[in-house]
Every structure is written in C-alpha cells, then in structure tokens.
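Trainee: There's a structure below that I have some questions on.
The values are calculated or read from the model by the stated rules, or taken from the named source; none is laboratory data. This one's a predicted model, so the numbers in the text were calculated from it and none came from an experiment. Note: ideal-geometry Cβ built from the backbone for every residue, glycine included; neighbour counts use all protein chains shown.
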Amino acid sequence: MTDVIFRLMAGWRVFSLAAIALSACGEPEPEAAAPAPPPAVSVIAVARKDVTPATAFVGRVVAADKVELRARIEGFLQKRLFTEGQDVSAGDTLFLIEPEPFQAAVKQAEANLASAQADAHNAGLQLERAEQLVKKQTVAVATRDDRAADLAMAKARAQESQASLDVAKINLTYTEIRAPLAGRIGLSKYSEGNLVGPESGPLATIVSQDPIYVTFPASQREILEAQRRMAEAGTDMTSLVVRLKLPDDRAYGHPGKINFLDIQVSQGTDTATVRAEFPNPQRLLTDGAFVNVSIERATPTHALMIPQAALQVDQAGSFALVVTADKKVEVRRVTVGRAVGAEMIVEQGLVEGDLVIVEGIQKVRPGAVVEPTTVPDPVAAPVAVSG
C-alpha cells in the first residue's frame, strides 16, 4: 500500500513539472522597447527688418519764451484782470495799478512845461528888443548878451519840463501791466489792494506753450559720432527726428527737430546742451517737466534680427542653436549688435531664413535630431534701436 502511494505522488510531481514546462513554453517573449521620439523645439526664422538707429537721452521741457511780470512803478494794486492758469494774448491788460497819482503827475508836468515855454517865449521877446536897441545904440551890447543867455536858459528849462512830462506819461502807462507775449499765465503773487513796486518781485509768470522746447545734454563722443554719420550720409541735424515719451510712458504724438547745439561744453560733465523744438497744440508738454528723448535717423536701415531667447553665451562668446534642413541641431557662433526690445541685431554668423531655436534649448545638444515647430515672429513692425 505504501509503494502504491509513493508511485502516485511521484507521478503527480512529474505531471506538475510537465505542466509548468508546457505553460512556460506558451508565454510570448517580451517586445523590444520603441525608440524615443525626437525632442520638440520651437524655432523662428532669422529675418531682415527695418531698424531705425536711435539714441536715448533724458530731457527737460523748456518754454520757448518765459516772462516774469513785474511792477515798474510803486502803487496800490487796483485790479487783477485775468484768471490764473488761463491763456492770454499779447497786449492783454493783466494788472492795473492805481492810476490817479500818476495822472495827477502828468497834469503837473504839463503845467510846468507850459510855464517853462511861456518863460522861453518871453525871453525871446526880450532878446528881440535888446537887438533893436543895440542897433540904435541905446542899450549896451552886454545887455543883449544877457538877454540871449536868459533865452537859452528858458529853453533849457522848457526841455527839462518836457522830459519830466515824458517820464510822467511813461509812468502812467506802467499802471497797466500788459502781456508781452501770448502764453499761459501762472499764479498771481499779489492780490488786489497790495502795495507793489520794483522791489516786489514777479507778480506772475507767463510761459509760451506752442511751440515748446526740450533740452538735453549730449556727450562729446555722441555728438562727434552723430556728426560723422551725418557727414557720411550727406545730411545735417535737420534730418534727425526727435521723439518723446511722456512721464506716463506714452509716446508723444508730434515729432520734433533739433534747432540748437550749444557753443560751449560743460567742463564738469563734458556735455553740450542740445535743444529740439516740438509743436504742443494739446498742451501736453509743460515747462520744467522731465521727458525721455529719442533721436532717430530719418532713414531706417536693414538688419538681421533674432529673439534674445535664441542667444546663448559661453566662454567662447555668443552662439545660437540652428536647426538644419535634416532637422539636426547645429551651433553657430554669432556676432551681435545692439538690443532692440526683445530682439538682437546679428552682424555675423547667421543668414536670413536660418531657423534658430527659441524654446526647448535645454532638451537638445549639438548634432541631435529634433522635431521643429515654427512660431510666428512677435515683432513685425519697424523698430528703433538705441545707439
């Protein structure tokens, strides 16, 4: 009985091993791993664009004309005939100083002149009588000479009186303080009823508004470089276009022209003052304000441009990764110029139409095969470049 059981167990083991073997033979072999797809990158084609060379400065708005209104005579301020901050025209009466004392001074001077003229007329008659009596030899010649001297002195007093009358009339005109130019008037320093005079300082200030100036300092190096470029192009300062950015970073809508370069250079800063003139019809430019100034050449130039994101730098210098026609990554050493916003001017190393990688650079290496996707150029309009 024991042998039978032993044989049955041995048979079961053989059957199990055979089943396991058959089961193992029936399993499929694992498949080989599929190759990884090439990394995806974004590329932009190198393009040639219109670039307007420009140089940036910080300038200050300056009124073309500025006048401080002052009292030229002493008297009480009778009227103020304007609203502070309003536009005024040349010749407008702005202040009136009490005129009555000066009117009286004119009348007194007129009376003095009439008296002096009467004395001169009488002295003339006395001289004529003396001349006749000298001819009859009834009056000494010395008497005639005295009468001539009296006439000369009377005429001098009449001239003096005439001068006094002229001064009195001039002082009377000074009681009306008029606008010498058109512009905008500021705050009044004195109200009606105050005693004002030459020592009172400015009563108010008028600044012209349109046109208006912007001045800025330029170094000798910048001036000489600009003059060299203009000489090569056969142009002068009038060919330069001056643009402004307002304090809120908006572009000012009216371009200006340079109309003055200072004849002296500051020894402390080695800069000369440059002045440009701008139209100011909307009164956006205010005397004394700071603005950003950009001087551009009138004619744009053509330059190869790439996004700054495509530019890499190592110890050997600047380079860009280019995707070739067979979709391989290639290193191109480049010489770059000035920055233009988010782009760079390329002077050497690339040609128009080259595809430079702008996204996915960290996933690739030189010689690797990639899957490029062309993205649109974000900058399509002509741009200005500092320099």
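Trainee: Being buried (at least 17 other Cβ atoms within 10 Å of the Cβ) and over 16 Å from N112 (Cβ atoms) narrows it down to one of G197, G201, G183, G193, so name that one.
Mentor: Step by step, each of G197, G201, G183, G193 is checked, and only G183 is buried (at least 17 other Cβ atoms within 10 Å of the Cβ) and over 16 Å from N112 (Cβ atoms).
Trainee: Now a separate question. Return a yes/no flag: does region 81-91 have any residue that is modelled with pLDDT of 90 or more, in the same structural domain as L187 (by TED's automatic domain parsing), surrounded by fewer than 15 Cβ atoms within 10 Å (Cβ to Cβ) and over 32 Å from the mean Cα position of the chain (by Cα).
Mentor: Looking for residues that are modelled with pLDDT of 90 or more, in the same structural domain as L187 (by TED's automatic domain parsing), surrounded by fewer than 15 Cβ atoms within 10 Å (Cβ to Cβ) and over 32 Å from the mean Cα position of the chain (by Cα), one finds at least one in region 81-91, hence yes.
Trainee: Right, here's the next one. Can you name the condition, by its number, that P202 falls short on among (1) outside any loop (DSSP other than H, G, I, E, B); (2) touching a residue at least 40 places away in the same chain (Cβ under 8 Å)?
Mentor: Evaluating P202 over (1) outside any loop (DSSP other than H, G, I, E, B); (2) touching a residue at least 40 places away in the same chain (Cβ under 8 Å) leaves (1) as the failure.
Trainee: Looking at the structure I just gave you, is F278 buried (at least 17 other Cβ atoms within 10 Å of the Cβ) and at pLDDT 90 or above?
Mentor: The answer is yes for F278.
Trainee: Here is a further query. For region 147-164, what are the residues that are free of Cβ contacts under 8 Å to residues at least 40 places away in the same chain and crowded, with 18+ Cβ neighbours inside 10 Å?
Mentor: R147, D150, L151, A154
Trainee: From the list V323, V291, exactly one residue is touching a Leu at 6+ places or on another chain (Cβ under 8 Å), touching a residue at least 60 places away in the same chain (Cβ under 8 Å) and more than 22 Å from K49 (Cα to Cα). Which is it?
Mentor: V291
Trainee: Filtering region 363-387 down to residues that are assigned to a loop (DSSP other than H, G, I, E, B) and surrounded by 13 or more Cβ atoms within 10 Å (Cβ to Cβ), which residue is modelled with the highest pLDDT?
Mentor: A368
Trainee: Moving to a separate point now. Can you tell me which condition H302 does not meet? The list is (1) in a loop (DSSP other than H, G, I, E, B); (2) modelled with pLDDT under 85; (3) not aliphatic (A, V, I, L, M), and all the others hold.
Mentor: Going through the list (1) in a loop (DSSP other than H, G, I, E, B); (2) modelled with pLDDT under 85; (3) not aliphatic (A, V, I, L, M), H302 breaks only (1).
Trainee: Can you tell me which residues in region 166-199 are over 21 Å from F278 (Cα atoms), outside any loop (DSSP other than H, G, I, E, B) and of a type outside the set (V, I, T)?
Mentor: Passing the criteria: D166, A168, K169, N171, L172, E176, R178, L195, P198, E199.
Trainee: From V340, V329, V336, grab the single residue that is modelled with pLDDT under 90 and under 22 Å from R365 (Cβ atoms).
Mentor: Just one listed residue meets the conditions, V329.
Trainee: (1) part of a helix (DSSP H, G or I); (2) surrounded by 17 or more Cβ atoms within 10 Å (Cβ to Cβ): which one isn't true of F216, the others all being true?
Mentor: The failed condition is (1).
Trainee: While we're on this one: Can you tell which of T273, T269 is touching a strand residue (DSSP E or B) at 6+ places or on another chain (Cβ under 8 Å), surrounded by fewer than 20 Cβ atoms within 10 Å (Cβ to Cβ) and in a strand (DSSP E or B)?
Mentor: Just one listed residue meets the conditions, T273.
Trainee: What are the residues in region 43-55 that are loosely packed, with under 15 Cβ neighbours inside 10 Å and either among the aromatic types (F, W, Y) or modelled with pLDDT of 80 or more (or both), if any?
Mentor: If the condition is that a residue be loosely packed, with under 15 Cβ neighbours inside 10 Å and either among the aromatic types (F, W, Y) or modelled with pLDDT of 80 or more (or both), then A45, R48 are the ones that fit.
Trainee: If you go through region 214-232, how many residues are at pLDDT 90 or above and touching a Leu at 6+ places or on another chain (Cβ under 9 Å)?
Mentor: Final tally of qualifying residues: 1.
Trainee: If I ask for residues that are small (G, A, S) and under 20 Å from R297 (Cβ atoms), which ones from region 254-271 would you list?
Mentor: Scanning region 254-271 gives a single hit, G256.
Trainee: Out of all the residues in region 326-362, which are closer than 15 Å to A47 by Cβ, touching a helix residue (DSSP H, G or I) at 6+ places or on another chain (Cβ under 8 Å) and part of a strand (DSSP E or B)?
Mentor: E343, M344, V356, V358, listed by residue number.
Trainee: Name the residues in region 233-266 that are charged (D, E, K, R), more than 29 Å from A182 (Cα to Cα) and surrounded by 11 or more Cβ atoms within 10 Å (Cβ to Cβ), would you?
Mentor: D236
Trainee: Could you say whether any residue in region 133-148 is on the phi > 0 side of the Ramachandran plot and not in a helix (DSSP H, G or I)?
Mentor: The answer is yes; a qualifying residue exists.
Trainee: Of everything in region 273-326, what is within 20 Å of A64 (Cα to Cα) and of a type in the set (D, E, K, R)? Give them in sequence order.
Mentor: Hits for region 273-326 are R275, E277, R283, D287.
Trainee: OK, next. Which ones in region 291-316 are exposed (fewer than 13 other Cβ atoms within 10 Å of the Cβ) and more than 23 Å from P372 (Cβ to Cβ)?
Mentor: A298, T299, T301, H302, Q315, A316, listed by residue number.
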